[in-house]
Amino acid sequence: MKSIVTPSGKPDLTRRTFLRNTAATGAALSYTKMAAHAAAGAPEGSDTLKVALVGCGSQGGILKGASLRIPGIKFVAVCDLWEKKAITMARAIGGEVKPYTTMDEMFKAHPEIDCVLIAAPDWLHAPFSRKALEAGKQVYCEKMMSNSLEAAADMVRAQRETGHLLQIGHQRRSNPRYQFMRNRLLREKNLLGQITHLYGQWNRSVKMPFEPKGGIPQEVLTKNGYVDMFQFSNWRSYKKYGGGVISDLGAHQIDIFNWLLGTTPRSMIASGGIDYFKNLPLSGGGTFSYEQLDNAAVVYEYDVPVYEGGVPVMEGDKPKTHLVRAMYQVLTTNGSQNYYEKVMGVEGTIVISEQPVYNQVYREKDTTGEKVGMWEQLARQGFLRKPPATVYNKFWERPKAWNIPDKWLAKEGTQDVRVSIPADPYELPAMPKELDEKPPHQFHLENFYNTVRAGGKQSDLNCPVSEAYKCAVSVLKINEAVATGRRIDFQPSDFVVS
Ligand SMILES: NC(=O)c1ccc[n+]([C@@H]2O[C@H](COP(=O)([O-])OP(=O)(O)OC[C@H]3O[C@@H](n4cnc5c(N)ncnc54)[C@H](O)[C@@H]3O)[C@@H](O)[C@H]2O)c1
């Protein structure tokens, strides 16, 4: 990643440079000038990409909405096993978009399709990606790659065999705030010093399953591998169709651990269970139980290469490494503090989330005063921002001003000599308005479409399927660690598909 410091020494946070960071190629820049609108019926140009959506549920709607903001994207067909959903989605997009219930029918009727977006349940990602790649399409498939490692490996192989693009929907990798944090603050400025720990959580309140009334005829469900309409609607909870919450929610953040550290874990220990979602009464009668973990706590260990001046430091003939522990938790019984990731180094902490409300940076108390000047300078240059006089504590359940001094609360550190001196607060800089207005998935889709347009390679994608496979291993092995109660030691070869 090139430095984007302007001659004034300020970081260039303009739209253009953010896009340079997120775009796959220079060619992408030519699209940034176009207005943020497009529709199914937008006039066709040489840049037009003809897109099909498979899976017209909630995430299909998000991908559709974000894609339609990108100039030159023209949906031609949508597909969903549930015909009603395909029809509703086709109408919502408008124009001449045609609804289908199978990919075979859709591909037959529309050989002109360039790109396929897959937002079906996880168990279908591998067969659907292979089908689309073998039909000559470029594919953007939602995370989690799959609920089985064998099927995830098949996705890597299908991409290699066909040579077409396969991007996986770990969209934080394309988020300019995450890229700014990793590339500028951590790698270029070494803001936090040696990183020792990462932390991530996704806490969610109790959510009972959807109890469908009517829907798809049973013979259609059976023919397509679904037990019944209830399991079809609540596929995430069943081993056959999904990976449970650790894969549904955890995959996003555990992928970010690997991405931030630029490597894969050497070991993992985990604890979890089905502790709450068992035999819960349903309003329509009967009971409901998760087949997958409803909570888990995981600790990964990473050996992270040490760099000096951008060059790896060697110890003998091996790269020198330091240990980073990354702790992750997912809960489905309590939504406290929602979801975010935290990077902790000896000189400070960054808290980041897809929700911009979590964007705090703390400097550890610097007893020598050496680092204070550097942080203040970075704040002047725009790499950080000093919080306004009214500081909002993001770690209250609802961010709230704490500028009203409370004598009792202000008694910092007097209770116990071991209490750390409070860290100085900063914030990540705001994104330019036009980027801030984009939905989070748009950046990742832009990276995909730009790579397609430029005739780019897998390595131009921000989340090529082989990178996502590393996340799939890191996540799906949690089930094994919990089931056996044993630590898992990884080999680097575990993360590569042969
Ligand atoms: N990247 C993200 O932030 C994010 C967020 C949510 C979901 N997701 C992922 O998106 C995918 C879909 O999740 P969702 O929340 O939209 O689920 P959903 O249940 O709302 O939607 C799934 C859709 O797939 C359809 N479907 C099921 N079987 C099909 C088949 N054989 N052929 C065609 N269509 C079929 C269903 O009818 C439904 O419309 C999942 O893989 C999920 O992990 C990603």
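The numbers here are math on the coordinates, done by the rules we state, and not lab data. What you are looking at is a predicted structure, and each value in this text was computed from that prediction instead of being measured. Don't worry about glycine lacking a Cβ; one is built from the backbone with ideal geometry, like all the others, and counts go over all protein chains shown.
Summary value for region 34-164: 23 percent relative contact order, contacts being C-alpha pairs under 8 angstrom separated by 6+ residues. Were the residues from Glu376 through Leu323 laid out at 0.36 nm apart, the gain over their Cα-Cα distance would be 16.2 nm. Give me the distance in nm between label points sitting 7 Å out from Cα along the Cα-to-Cβ direction at Arg398 and Val220, one decimal. Label at Arg398, label at Val220, 4.3 nm between them.
Given 0.36 nm per residue, what is the gain on full extension from Glu83 to Ala423 after removing their alpha carbon distance, in nm?
Working: separation 340, 0.36 × 340 = 122.40 nm, distance 5.54 nm.
Between Glu83 and Ala423, full extension yields 116.9 nm more.
When peptides 103-114, 485-496, 61-72 are sorted by average Cβ neighbour count within 10 Å, with the highest value leading, the order is 61-72, 103-114, 485-496.
Full extension of the chain between Ser498 and Ser271 gives 78.7 nm of extra length, using 0.36 nm per residue less the Cα-Cα distance. If R0 is 41 Å, the Cβ-Cβ spacing of Arg91 and Asn338 corresponds to a FRET efficiency of close to 0.75.
Loop-located GluC sites (Glu not before Pro) across region 429-498 with a Cβ neighbour count of 12 or fewer within 10 Å are Glu437, with loop assigned by DSSP. Computed from label points 7 Å out along Cα-Cβ, the spacing between Glu308 and Arg486 is 4.0 nm.
Exactly which chymotrypsin sites (Phe, Trp or Tyr not before Pro) in region 205-252 are in a DSSP loop and have at most 11 other Cβ atoms within 10 Å?
Numbers: sites: Phe210, Tyr226, Phe230, Phe232, Trp235, Tyr238, Tyr241; in loops: Phe210, Tyr226, Tyr238, Tyr241.
Counting only loop positions with at most 11 other Cβ atoms within 10 Å, the chymotrypsin sites (Phe, Trp or Tyr not before Pro) in region 205-252 are Phe210.
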